[in-house]
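Participant: This structure is in structure tokens; I'll ask about it shortly.
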Amino acid sequence: MGAAMQSVGAAWLMTELTQSHQLIALVQASTIVPILLLGVFAGAIADNFDRRKVMLAAQIGMLVVSAVLSALSFAGLITPYLLLAMTFAVGVGSSLNSPAWQASVRQQVGLADLPAAVALNTISFNLARSVGPALGGLVISLWDVSLAFTVNAVSYIAMVIVLLRWKPEPRKVERQAMLPAIAVGIRFCASSSPIRRVLTRGLIVGFGISGYQALVPAVVRDRLHGNEIDFGLMLGLFGISSIIGAIFIVKLRRRFGVENVLAAGTLTFVVAQFELAWAHSLAEALPATCLAGVAWVSILTTLNVGMQMRSPEHILGRCLSIYQAVTFGAMALGSWFWGALADWRDLPFALHTAAVFLTVMAVLLRVFAPMPKPAEGRIAA
């Protein structure tokens, strides 16, 4: 919830600091780029060290950065590029935390319950995303963005307490030098055909869907003529629809198969981007938000499970970090690209282009990079 409130605050603050669609889109990119740059190192760290301690270090680091961002905001010292620098620093902490966090899910529940656990983890995350943005918009309207940043800084304390109290069974760790450890993970992913196809899907689909999230703040400001409350409402509804999608996603994958679910999610996102491009009022934009939330969770949980089920335990953190570097790196690149395209032409053109790109890729990927069959490359329980 704290991170969601900070995201609302940072994105909305940028709309007040600049008229550039590209800079607005780069707020999202700045939190994702560290995953691309540092993700594989973070994966090796998650495999080489106690994952709980890795998460503790990351959470404490993000607490400090968020506190500094709050102080600078209260003092009125934030500029567009300083805001990007601070959100980038938070992204560094997130990139360190994420592989250890994702790998710890299997450490808690085992392989048999992993798909349901990933879905439950997604529901938990999206519960926060559904409430956090709405609260963030309310807090910003009552005070200003600095209070949203402060609440986020305080929220890290809860995570630190939880991690201090969690006592997992000791995990056997065979430490390797950083670069050789990274090379082992890269070689495994490169040699595994099922994983290569999952990574290809993450790369291309991540690039295509990033336009929606990156351009929503500019759409609310320029097309809907809304305020921070409207922005928070849209993000909150996105989170609620993601929860609804996560509840049913495991059953849908079992009934229709991962390929069909992924294709349906991609095409649903296409419809959402077209609807958002056509919207001129909040009422017209809300259906697009609902569709995007369901599609988002369908795509990302399907890819995440596909990766986890085919990654050996001893290099799980590295495999997940490579997946995240590829997928979220593509999102960061996409955020910059769609924002630049919106500056060159306009917002509808950028959203229409992103939708057409996803439509074409949905057809091509089904042929040239099909998702692995259920037993293909799967790690034994």
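The values are calculated or read from the model by the stated rules, or taken from the named source; none is laboratory data. Quantities reported herein were computed from a predicted structural model and do not represent experimental measurements. Note that each Cβ is placed from the backbone with ideal geometry, even for glycine, and that neighbours are counted across all protein chains shown.
Participant: Here is a check on your reading of the model: is residue 327 surrounded by fewer than 24 Cβ atoms within 10 Å (Cβ to Cβ) and out of contact with any Cys (no Cβ under 7 Å at 6 or more places or on another chain)?
Facilitator: Answer is no for this residue.
Participant: Right, next: Check residue 220 against each of (1) assigned to a helix (DSSP H, G or I); (2) surrounded by fewer than 22 Cβ atoms within 10 Å (Cβ to Cβ) and name the one condition it does not meet.
Facilitator: Of everything listed in (1) assigned to a helix (DSSP H, G or I); (2) surrounded by fewer than 22 Cβ atoms within 10 Å (Cβ to Cβ), residue 220 misses just condition (2).
Participant: Taking the stated definitions as given, is residue 168 out of contact with any Leu (no Cβ under 7 Å at 6 or more places or on another chain) and closer than 24 Å to residue 100 by Cα?
Facilitator: So residue 168 passes the test.
Participant: Regarding segment 209-216, can at least one residue be identified that is within 26 Å of residue 317 (Cα to Cα) and in contact (Cβ under 8 Å) with a residue 60 or more places away in the chain?
Facilitator: Within segment 209-216 (the criterion being within 26 Å of residue 317 (Cα to Cα) and in contact (Cβ under 8 Å) with a residue 60 or more places away in the chain), the answer is yes, since at least one residue qualifies.
Participant: Being within 22 Å of the chain's Cα centre (by Cα), at pLDDT 85 or above, closer than 30 Å to residue 310 by Cα and assigned to a helix (DSSP H, G or I) is true for just one of 234, 159. Which residue is that?
Facilitator: 159
Participant: Return yes or no: is residue 78 out of contact with any Ser or Thr (no Cβ under 8 Å at 6 or more places or on another chain), assigned to a helix (DSSP H, G or I) and modelled with pLDDT of 90 or more?
Facilitator: no
Participant: With (1) modelled with pLDDT of 90 or more; (2) surrounded by fewer than 23 Cβ atoms within 10 Å (Cβ to Cβ) as the list, and residue 66 as the residue in question, which single condition is left unmet?
Facilitator: Of the numbered conditions (1) modelled with pLDDT of 90 or more; (2) surrounded by fewer than 23 Cβ atoms within 10 Å (Cβ to Cβ), the odd one out for residue 66 is (2).
Participant: When you go through (1) without any contact (Cβ under 8 Å) to a residue 60 or more places away in the chain; (2) closer than 30 Å to residue 269 by Cβ one by one for residue 183, which number turns out not to apply?
Facilitator: (2)
Participant: Do we find that residue 194 is closer than 29 Å to residue 314 by Cβ, assigned to a helix (DSSP H, G or I) and touching an Asp or Glu at 6+ places or on another chain (Cβ under 8 Å) in this structure?
Facilitator: Here the answer is yes, as residue 194 does meet what is asked.
Participant: Whether any residue in segment 187-201 is surrounded by fewer than 20 Cβ atoms within 10 Å (Cβ to Cβ), out of contact with any Gly (no Cβ under 8 Å at 6 or more places or on another chain) and at pLDDT below 90 is what I want to check.
Facilitator: Within segment 187-201, not a single residue is surrounded by fewer than 20 Cβ atoms within 10 Å (Cβ to Cβ), out of contact with any Gly (no Cβ under 8 Å at 6 or more places or on another chain) and at pLDDT below 90.
Participant: Kindly indicate whether any position in segment 368-377 is closer than 20 Å to residue 29 by Cβ, in a helix (DSSP H, G or I) and not β-branched (Val, Ile, Thr).
Facilitator: No, segment 368-377 contains no residue that is closer than 20 Å to residue 29 by Cβ, in a helix (DSSP H, G or I) and not β-branched (Val, Ile, Thr).
Participant: Any residue that is more than 28 Å from residue 246 (Cβ to Cβ), in contact with a Ser or Thr (Cβ under 9 Å, 6 or more places away or on another chain) and outside any helix (DSSP H, G or I) - is there at least one of those in segment 144-151?
Facilitator: Among the residues of segment 144-151, at least one is more than 28 Å from residue 246 (Cβ to Cβ), in contact with a Ser or Thr (Cβ under 9 Å, 6 or more places away or on another chain) and outside any helix (DSSP H, G or I), which makes the answer yes.
Participant: Search segment 151-177 for residues that are closer than 21 Å to residue 316 by Cβ and surrounded by 11 or more Cβ atoms within 10 Å (Cβ to Cβ) and pair each with any residue that is small (Gly, Ala, Ser) and modelled with pLDDT of 85 or more when their beta-carbon atoms are under 9 Å apart and the residues are at least 6 apart or on different chains.
Facilitator: Close Cβ pairs satisfying both conditions: 176/44.
Participant: Moving on to the next point. So which residues in segment 263-290 are in contact with a Gly (Cβ under 7 Å, 6 or more places away or on another chain) and either surrounded by 19 or more Cβ atoms within 10 Å (Cβ to Cβ) or of a type in the set (D, E, K, R) (or both)?
Facilitator: Within segment 263-290, 273 is the sole residue that qualifies.
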